[in-house]
1. Could you check region 148-176 and list, in sequence order, the residues that are more than 27 Å from residue 189 (Cα to Cα) and at pLDDT below 85?
2. Please count how many residues of region 197-234 are within 23 Å of the chain's Cα centre (by Cα) and assigned to a loop (DSSP other than H, G, I, E, B).
3. May I ask you to list the residues in region 38-53 that are surrounded by fewer than 18 Cβ atoms within 10 Å (Cβ to Cβ) and not aliphatic (A, V, I, L, M)?
4. Has region 158-168 got at least one residue that is within 23 Å of residue 249 (Cα to Cα), crowded, with 16+ Cβ neighbours inside 10 Å and polar (S, T, N, Q)?
5. Please give the number of the condition residue 90 fails out of (1) outside the structural domain of residue 238 (by TED's automatic domain parsing); (2) within 19 Å of residue 244 (Cβ to Cβ).
6. Please verify whether region 135-146 includes one or more residues that are free of Cβ contacts under 8 Å to residues at least 60 places away in the same chain and under 25 Å from residue 59 (Cα atoms).
7. Answer yes if at least one residue in region 96-111 is of a type in the set (D, E, K, R), within 12 Å of residue 4 (Cα to Cα) and modelled with pLDDT of 85 or more, and no otherwise.
8. Residue 251 fails exactly one of the following numbered conditions: (1) free of Cβ contacts under 8 Å to residues at least 40 places away in the same chain; (2) assigned to a loop (DSSP other than H, G, I, E, B); (3) closer than 28 Å to residue 56 by Cβ. What is the number of that condition?
Amino acid sequence: MKCLLDATSVKVLTRAIHCLAKIGDELHIEPTANGLTLKTVNASKSAYSAFTFHLPFFLDFCHISENTVQPDPEDDTVIKCKLPMKSILSVFRSIGSLEKSVETCHITLPLLEALLIIEFKCKHGIIKHFNLRYFECESVEAEFSKEGYASKFSCTSRFYSETLLSFHSSTQEVTWSLAMDQVHLSNHIDDEIDPSKCVRTEITLAKDEFVDFNVALCTQVTFCLKELRAILAFAEALKLDLDCRMEGAGQPVLFSLEKANLYSADFLLATLTPVLDSTAHSSRSTNDQRKNKSSRESNLSKTSSPVPTLRDKDSRVASSANLHTTIMPIVPESPYFTSRLNSLSLIEPQPFPAIEEDLDIQPPPSKRARARYIFQNCLKATQEVRERPYEVFAPDSEGDE
């Protein structure tokens, strides 16, 4: 495969790679006779994304890889490969710098070299050359049909982005409730979490706010919000409309976008099944019954036994039978007391020195006595007469008689 792109196409290709990098860890490259397809699947296989760049998107395109070592038309074939997302991001790292400096981009997939060769021709005659090692793999496909969905509605990507700003950044899953005249969005709260301790966000979108609105089945689906944010980041930068197709709970949700005859993208996201929700609800009700039963038993034990009861952090009453069988350890008296150290400390505990019982402890002096002791040097003479040893050179003369 070999293709040539201009500066505008390089910008779109870079944004597409950044969008795929937020979803999966590997980039699948599949050249076809109609264009180039970039795909990725997340680790849990709950999200599938595919960008298809058609022939008008390129200045020059050939999907057949040529044998550069020994040119032979019979050995030419189509290569389908994958490479780590980190390696391709090292080439298309900065969208702004590529948009300002790159004039053309040439991408080739030689047959025998097992390298993805990317060459940037920048301004002022600067050429950047990258060789990325790839791995041959089979084609990655997701079975879906756009005509098989009962409900379809489309809107501008900016409208979706402004709607999702109301949700907290830590929100992981969002629930879409479809009605005949509106779409209701709310953050999904797990059954294991106490709803009274969570922030509930709900948004209602009227039918008139959509470009196209056709809901044939009123349903409620829940899917991950991380992939949706990645889709909107690409669509909003290029000012594209986003089509959404839904069928029912447990069925995948399909987001798609298209730019004339240049490129198109499909994003297939898995949704939560109602079976999981009912199972979680039943398990939660079972846990509540067990808590109520244990609390009733503990209340009975509290009234029948004079032993005081203990409560933990979850306000669950401990059984008094455990208090009868619990034996408190008795520490023998010792003249030395050892200090308790941190478990990470490497210093062995040392005994504290014994305190003498007949030690006479005097009370501290008064403030006036302490001040007199501090400033006593200020009250002394500046010069002190001290007897110093000296040698007498001339004795005193005797007095006149």
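The values are calculated or read from the model by the stated rules, or taken from the named source; none is laboratory data. Since this is a predicted model, take the numbers as computed values, not measurements. For neighbour counting, all protein chains shown are included, and Cβ atoms are generated from backbone atoms with ideal geometry for every residue, glycine included.
1. Taking region 148-176 as the starting set, the residues that turn out to be more than 27 Å from residue 189 (Cα to Cα) are 148, 156.
Once the filter is applied, which keeps residues that are more than 27 Å from residue 189 (Cα to Cα) and at pLDDT below 85, region 148-176 yields only 148.
2. Residues in region 197-234 being within 23 Å of the chain's Cα centre (by Cα) and assigned to a loop (DSSP other than H, G, I, E, B): 5 in total.
3. 44, 45, 46, listed by residue number.
4. Yes; the residues of region 158-168 include at least one that is within 23 Å of residue 249 (Cα to Cα), crowded, with 16+ Cβ neighbours inside 10 Å and polar (S, T, N, Q).
5. Unmet condition: (2).
6. Of all residues in region 135-146, those free of Cβ contacts under 8 Å to residues at least 60 places away in the same chain come to 135-136, 138, 141, 143, 145.
With the extra rule that they be under 25 Å from residue 59 (Cα atoms), the set shrinks to none.
The answer is no; no qualifying residue exists.
7. yes
8. Failing condition for residue 251: (3).
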